[in-house]
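Below you'll find the structure, written out as structure tokens, and then a few comments.
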Amino acid sequence: MKQPKHQPGRSPLRGLAVGIVAATGLLLLFLLYVLGRPLYWKFYAEVIHRYEPDPALALIREIEQESGQPLAAAGGNRKVDPGASPQQQLITGKHVDLSKLTLEQLERLKEKAREKQWEDEWWKLYQKKENERREKVAASYRSKEKTTISMYNMTLTRESVHRVAKDGYLFVTWANHHYTDFALTWVQHMKLQNITNFMVGAMDDKILASLARRSIPTFSMQSGLTTGDFGWGSPTFAKMGRKKISLIAMFLKLDVQVVISDVDVMWLRDPVPFFKRFPDADVLTSTDHLASTVEGREELERYPEAGSAFNIGIMLFRKKALPFVEEWVRVIESDDKIWDQNAFNDLARKGQQILPDDPNHYFKGDDGKLVMGVLPLAYFASGHVYFTQRMHETLGIQPYAVHATFQFSGTPGKKNRFREAGLWLEQYEYYRPKNGFLAYESSIPRALLDGAGPRTGKMDINNTIGHFELVNYQLKELRNAMALATVLNRTLVLPAFWCGLDRYWAPHAGTLPGSEFKLPFPCPADHVLDLENGFSRHWDENEFGPNLDYREASFLNSTGLPHVIKESAVNVVVCTKGKGYCPEPDAPGTVDGNKIFLQENLLSEQIKLTLSPVSHVQVLKFSTMQNAFGNFTQEQDYTKFLKRMHHMGSVWCCIDAHPGHIHYDLWWDIPHTDKFGRKWDTQWQPTAGP
């Protein structure tokens, strides 16, 4: 073999020398750190900032203040603990005889006091500098945010608006801080449909900043309204409506065709091609009508057959409608008790002219001055048409938009409906609670479904019996599921509910007048549960037990749910003692493949023990909720849970009586006193009121 040639610069001795130098340098730095700190303190205390008063006495005064007791002075008559050194006596706040301190001990105490003073002054200086740094960072952030806001907070001029508009059309919604998540979901749907010609009005500075940070075209409305929930029908809700109408007039003056939609409208298709089919219409409006007059075809509804209230949640306005909108603004500004939607309906129908032979189903409104049309309700769907009747499924069509109306649990109810339909924009954290999920499918007997519809066909209480038998069966299952989720500290996935009767705000015999769908039907959760003031409310845990989080019925099928969670699932088989393999509850259960068995009617501590081997699993799927939970081990836990369940049920409405509503009761099957103080010692029966 040939000898390798010598390569200059790669001598082993040179590498060793470099290593020695580096090690020496590190050692010197370490010694400097160890020896320099006390030397610096001494130099600082005696030269730079000499402490003039006696530091030992100052320390004694400090200890006196902290302990609340005076320390003995020299020559005092207080008893000294003979088992403690003078230093221990001083530091622990016990009585000290200074006459017994040696000079060395006193000097040591002086040095300690000087060191403490230096540390206090250093800490104050550090805090000052840190506060200055934080303020500088905050000021920089505010400056950048101000720049960002100035870029996306548009001044509404003809030029700026037309830069956003496309083919003369502009989509507009508005929101305050409370509805930021609605606004972001609205924007997400616009982007999914490749709709870029939109703007979001910001009713307060908080949402203005949130939108600008996300590069969403926005403008400040300077509403001066609350940053919280508007509350349907409240004075704040009415004020918000007046802002909305003024907004329409403003954009019409800027010469665009404006598509106005509430922030709880989700766009599922681009409607502009549809709007272009009706160029002569000055106003197109959505409707609260419940049955299609065009057999589900993509046409304007026939009017006046579709004569229910116009809903102003989705509307198209063209330039000719400006005088009408200005009159609309004048009317609602003149009387704050007038609801903007009622005012619109009154003005639009005033002096209306029906055009029975018009091929586009137009009619003339506002004393014949405007050409108007009613948007097809199957395609521009109300909450009832989309979530309750599910007309789009029956017809096999894809709507343009869905509006979360006809629901009964405020903002949480709207969110839950959108989530069940897979239309909500979720945050990452929503899919990852701390301790996983608990789910089940309701096992409703066929006989209950068959008998759940109207019994008499009249608006009386006997007509509701089948409906309540069906719902009560499901509420008992839900009660067990909520108890299990509470005991296991898991997030509950709600089941899909079935109802025998529809729900409304007025008397009816089973279905809303004008609606067309079969009973019983899969009903939204807010038909049965109080999602706003029950499930979503933060309860005092000392009185009502642990707070319980929940998810919508379709959650486990969500496309946003990570596969790692979907795959981490175990089936919990509820079994009967003595039948087949059903383990005793005196030891942790055994996982068999993807199953674990749980004996029925156990106490809470026994359930926790049995299911402890699967505590790490993300999803526990129970085979049934019938007899899946016996009771709480501790009576106080049962008492708290009992009080909580009183507030989880909602009401059904209505029979033709005063009052006509009937409260759901999750304890219907056992003797109890309900939340109104009514005692139920016999079988529960539907009872109107209070």
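The values are calculated or read from the model by the stated rules, or taken from the named source; none is laboratory data. Computed from a predicted model, the values in this text were never measured in an experiment. Quick reminder, even Gly has a Cβ in these numbers, built from the backbone with ideal geometry, and neighbours come from all protein chains shown.
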Sole miss for His403 among (1) assigned by TED's automatic domain parsing to the domain that holds Ala481; (2) in contact (Cβ under 8 Å) with a residue 40 or more places away in the chain is condition (1)
What about Asn480, is it outside any loop (DSSP other than H, G, I, E, B), over 32 Å from the mean Cα position of the chain (by Cα) and modelled with pLDDT of 95 or more? no
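Criterion first (assigned to a loop (DSSP other than H, G, I, E, B), crowded, with 20+ Cβ neighbours inside 10 Å and not hydrophobic (A, V, I, L, M, F, W, C)) does Pro659 satisfy it?
Numbers: assigned to a loop (DSSP other than H, G, I, E, B): yes; crowded, with 20+ Cβ neighbours inside 10 Å: no; not hydrophobic (A, V, I, L, M, F, W, C): yes.
No: the conditions fail for Pro659.
Here is a yes/no grid of residues against (1) of a type in the set (A, V, I, L, M); (2) crowded, with 19+ Cβ neighbours inside 10 Å; (3) assigned to a loop (DSSP other than H, G, I, E, B):
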{"site": "Arg644", "(1), (2), (3)": "no, yes, no"}
{"site": "Cys654", "(1), (2), (3)": "no, yes, yes"}
{"site": "Leu666", "(1), (2), (3)": "yes, yes, yes"}
{"site": "Phe676", "(1), (2), (3)": "no, no, yes"}
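So which of Ala452, Ala485 is in contact with a strand residue (DSSP E or B) (Cβ under 6 Å, 6 or more places away or on another chain) and either among the aromatic types (Phe, Trp, Tyr) or outside any strand (DSSP E or B) (or both)?
On the way: Ala452 fails: in contact with a strand residue (DSSP E or B) (Cβ under 6 Å, 6 or more places away or on another chain).
Only one candidate qualifies: Ala485.
Residues are listed down the side, and each one gets a yes or a no for (1) among the aromatic types (Phe, Trp, Tyr); (2) in a loop (DSSP other than H, G, I, E, B); (3) crowded, with 18+ Cβ neighbours inside 10 Å:
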{"position": "Lys144", "(1), (2), (3)": "no, no, no"}
{"position": "Phe182", "(1), (2), (3)": "yes, no, yes"}
{"position": "Trp186", "(1), (2), (3)": "yes, no, yes"}
{"position": "Ile195", "(1), (2), (3)": "no, yes, yes"}
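Given Lys595, Lys608, Lys577, which one is without any contact (Cβ under 8 Å) to a residue 24 or more places away in the chain, over 24 Å from Ala525 (Cα atoms) and out of contact with any Lys or Arg (no Cβ under 8 Å at 6 or more places or on another chain)? Step through it out loud before you land on a result.
Numbers: Lys595 fails: without any contact (Cβ under 8 Å) to a residue 24 or more places away in the chain; Lys608 fails: without any contact (Cβ under 8 Å) to a residue 24 or more places away in the chain.
After ruling out the rest, the residue left standing is Lys577.
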Within region 488-501, is there a residue that is surrounded by fewer than 18 Cβ atoms within 10 Å (Cβ to Cβ), within 25 Å of the chain's Cα centre (by Cα), under 30 Å from Val263 (Cα atoms) and hydrophobic (A, V, I, L, M, F, W, C)? yes
If I ask for residues that are touching a Leu at 6+ places or on another chain (Cβ under 6 Å) and over 30 Å from Lys518 (Cα atoms), which ones from region 263-282 would you list? Phe275, Asp282
Starting from region 437-457, keep only residues that are more than 22 Å from Val493 (Cβ to Cβ), then list their pairs with residues that are among the polar types (S, T, N, Q) and surrounded by fewer than 17 Cβ atoms within 10 Å (Cβ to Cβ) whose Cβ atoms are within a distance under 7 Å, requiring at least 6 positions of separation or different chains. Arg455/Asn462; Thr456/Asn462
Residue check for Ser334: buried (at least 22 other Cβ atoms within 10 Å of the Cβ) and of a type in the set (S, T, N, Q): no
Could you pull out every one of the helices (runs of 4 or more DSSP H) wholly within region 252-368 that has 1 or more residues that are at pLDDT 95 or above, under 23 Å from Arg158 (Cα atoms) and in contact with a helix residue (DSSP H, G or I) (Cβ under 6 Å, 6 or more places away or on another chain)? 322-334
Which of the numbered conditions does Glu516 fail, given that it passes all the others? Conditions: (1) surrounded by fewer than 16 Cβ atoms within 10 Å (Cβ to Cβ); (2) modelled with pLDDT of 95 or more. (2)
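Does Asp637 satisfy the criteria of being of a type in the set (D, E, K, R) and more than 29 Å from the chain's Cα centre (by Cα)? Spell out how you get there, then give the answer.
Numbers: of a type in the set (D, E, K, R): yes; more than 29 Å from the chain's Cα centre (by Cα): no.
No; evaluated as a whole, the condition is false for this residue.
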When region 537-557 is examined, which residues are found to be over 18 Å from Ala404 (Cα atoms) and surrounded by fewer than 18 Cβ atoms within 10 Å (Cβ to Cβ)? Arg537, His538, Trp539, Asp540, Glu541, Asn542, Glu543, Pro546, Asn547, Asp549, Leu556, Asn557
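Looking at region 675-690, which of the residues that are among the polar types (S, T, N, Q) and under 25 Å from Met459 (Cβ atoms) is modelled with the lowest pLDDT?
The first filter runs over region 675-690 and keeps only residues among the polar types (S, T, N, Q), leaving 682-683, 685, 687.
Now drop any that are not under 25 Å from Met459 (Cβ atoms), which leaves 683, 685, 687.
Values: Gln683: 85, Gln685: 94, Thr687: 96.
So the residue we want is Gln683.
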Quick check on region 389-403. Is at least one of its residues touching a helix residue (DSSP H, G or I) at 6+ places or on another chain (Cβ under 9 Å) and in a helix (DSSP H, G or I)? yes
Among the residues in region 259-271, are any in contact (Cβ under 8 Å) with a residue 40 or more places away in the chain, closer than 28 Å to Thr196 by Cα and more than 35 Å from the chain's Cα centre (by Cα)? no
Quick one: Val564 ticks every box in (1) hydrophobic (A, V, I, L, M, F, W, C); (2) surrounded by fewer than 18 Cβ atoms within 10 Å (Cβ to Cβ); (3) closer than 27 Å to Pro522 by Cα bar one, so which box is it? (3)
Of the numbered conditions (1) at pLDDT 95 or above; (2) within 30 Å of Tyr428 (Cβ to Cβ), Val564 satisfies every one except a single condition; which is it? (1)
